[in-house]
Amino acid sequence: MDWKTLFFSPDGRIGRSSFWIGWLVLLGVNVVLGWVPLIGWALSLVTIYCNVCITAKRLHDMGKSGFLQVIPLIACPTLVIGAIVAVAGPAIMAGIADADDAQVTAAVMAGVGGMFLFFLAAFAIGLGFLLWIGISESQRGENRYGSSPTPPALA
């Protein structure tokens, strides 16, 4: 598979090694683009599409729909919103109850602890999904997304 097909086409299948090579290349490109102001940010939007393509192909190789990659995209922002509520909720409630400074501080600190747990859960979901698609076995033989990227002798 050539680089253009790997990064710019969501069709077909790729094995674990191609996925990890593509993922590491995109990570390196994003690090370099982070050093370039404005233009780097705009170009990093292209890498989002490239990541969607390699993830879809890896899911296809496992016999799954490429749309499964929305799971962490839905779960993680939901948890971030929960983190904001975890901090703001106790602080607002303590302020409404005309609590003294110590009670407001305790409420905010409890909210920060809750926020940390929400962010930790979001990180765990994203990392777990990445490891799941990067480590799982390929579906043997041909499936509805195409032929296996691994030659039959090696499978």
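Observations, loosely collected:
- When residues of region 109-145 are limited to those that are assigned to a helix (DSSP H, G or I) and more than 22 Å from the chain's Cα centre (by Cα), the one surrounded by the most Cβ atoms within 10 Å (Cβ to Cβ): Gly111
- Number of residues in region 10-51 that are under 24 Å from Ser136 (Cα atoms), hydroxyl-bearing (Ser, Thr, Tyr) and touching a helix residue (DSSP H, G or I) at 6+ places or on another chain (Cβ under 6 Å): the value is 1.
- Some residue of region 66-75 being in contact (Cβ under 8 Å) with a residue 24 or more places away in the chain, closer than 24 Å to Asp2 by Cβ and crowded, with 16+ Cβ neighbours inside 10 Å: yes
- Filter pass, Ala102 being outside any loop (DSSP other than H, G, I, E, B), more than 25 Å from the chain's Cα centre (by Cα), assigned by TED's automatic domain parsing to the domain that holds Pro72 and at negative phi: yes
- Test: residue in region 73-93 that is of a type outside the set (Asp, Glu), touching a helix residue (DSSP H, G or I) at 6+ places or on another chain (Cβ under 8 Å) and within 15 Å of Ile133 (Cα to Cα): no
- Among the residues listed as Thr55, Thr78, Thr47, the single one being among the hydroxyl-bearing types (Ser, Thr, Tyr), surrounded by 17 or more Cβ atoms within 10 Å (Cβ to Cβ) and in a helix (DSSP H, G or I): Thr55
The values are calculated or read from the model by the stated rules, or taken from the named source; none is laboratory data. Remember, predicted model here, so these are calculated numbers, not experimental data. So basically every Cβ, Gly included, is an ideal-geometry build from the backbone, and we count neighbours across all protein chains shown.
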